[in-house]
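Report on the structure given below.
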Amino acid sequence: MFPLVAVGKAIVLGSIAVALVVTVAAGCGSGSSPEVGAGPDGTPDPVLVAGRAVYVDRCSSCHDADGSGTGDGPRLNRGRLLQAYSDPAGAVAVVAEGRDRMPAFGGVLTADEIDAVLRYINEVL
Ligand code: HEC
């Protein structure tokens, strides 16, 4: 009898711990960056998926998970970059070289990663 009760208590405590961890993780920032939807061939474009990973890792802290901006970085989503840069090379240059409080990522990200993250911003956010 006793051991069974102990096991039961451990399971209940374990579930509470898991629930707490999940709640805390979900409460970080203002949510997670949108996933890449399936393309015409039924699977997500791998370049956009790679771009999302870069965005989540390196950009969302200042530009927010959905690109709507924070006190540390301006809004990038809903066509903002396409509006601001008729030539995509302009946005690439800002990311590679940095500008003002925007850090330079030229030494950290490859040209392909910069292209991928900008595609994710323009096509998904
Ligand atoms: C430490 C905070 C920070 C991080 C991290 C950051 N940015 Fe920025 N970003 C800024 C700030 C601040 C500006 C505005 C710079 C200015 O005023 O000239 C900016 C501007 C930009 C712009 C130009 C926007 C415009 O309207 O002209 C682009 C594009 C951009 N960021 C993309 C990115 C990408 C892509 C990443 C991730 C690889 C990233 N940023 C990571 C802070 C950040």
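The values are calculated or read from the model by the stated rules, or taken from the named source; none is laboratory data. Just so it is clear, the structure is predicted and the values come from calculations on it, not from any experiment. Here the Cβ is made from the backbone with ideal geometry for all residues, glycine too, and neighbour counts use every protein chain on show.
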Whether any residue in region 33-52 is surrounded by 11 or more Cβ atoms within 10 Å (Cβ to Cβ), modelled with pLDDT under 95, more than 13 Å from the chain's Cα centre (by Cα) and not basic (Lys, Arg) is what I want to check. yes
Restricting to region 55-110, name every residue that is of a type in the set (Ser, Thr, Tyr) and modelled with pLDDT under 95. Ser86
Which number in (1) free of Cβ contacts under 8 Å to residues at least 60 places away in the same chain; (2) within 8 Å of the ligand (Cβ to nearest atom) marks the one condition that Tyr55 misses? (1)
When only residues in region 70-85 that are farther than 21 Å from Ala50 by Cβ and more than 9 Å from the ligand (Cβ to nearest atom) count, which is surrounded by the fewest Cβ atoms within 10 Å (Cβ to Cβ)? Gly71
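Matching residues to (1) buried (at least 18 other Cβ atoms within 10 Å of the Cβ); (2) more than 18 Å from the chain's Cα centre (by Cα):
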residue: Asp87; (1), (2): no, yes
residue: Ala93; (1), (2): no, yes
residue: Thr110; (1), (2): no, no
residue: Tyr120; (1), (2): yes, no
